[in-house]
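Contents: one structure, followed by commentary.
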């Protein structure tokens, strides 16, 4: 992803994951960067950032999505992720 908008380093949560982009008339698989972060100084939010590899995605220009979460919202998301991870683990062990 040479035209990357996000800064990717050793602290990035996931620097290469599978993703899908969907629109009304298209759907494409792509690689993506997914990161959870907060400001170093005076942290007041949690940011969840997602950027798809624009080298393989032809429908959208280079862009990234960013969601700003309060600590409570971040914990609710983490809890929901844990719940669904447990569900997938349980289904895989059956």
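Values computed for the structure shown
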item: Computed helical MRE - 222 nm, the chain, DSSP H runs ≥ 4 contributing -39500 (n - 2.57), nearest 500; result: -8000 deg cm²/dmol
item: Fewest-first ranking of 16, 52, using other Cβ atoms within 10 Å as the exposure measure; result: 16, 52
item: Neighbour-count order for 87, 41, fewest beta carbons within 10 angstrom listed first; result: 41, 87
item: Kirkwood Rh, angstrom, region 43-94 [1 / mean 1/r, Cα pairs]; result: 13.6
item: FRET E, pair residue 67, residue 93, Förster distance 25 Å, beta-carbon r, rounded to 0.05; result: 0.20
item: Cβ-based exposure ranking for 81, 48, in which fewest neighbours within 10 Å come first; result: 81, 48
item: Globularity index of the chain, i.e. its alpha-carbon radius of gyration over 2.2 N^0.38 Å; result: 1.25
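Throughout, read-outs are computed from the coordinates displayed, never taken from laboratory work. Note that this is a predicted model, so its numbers are computed, not measured. Cβ: placed from backbone, ideal geometry, glycine included. Neighbour counts: every protein chain shown.
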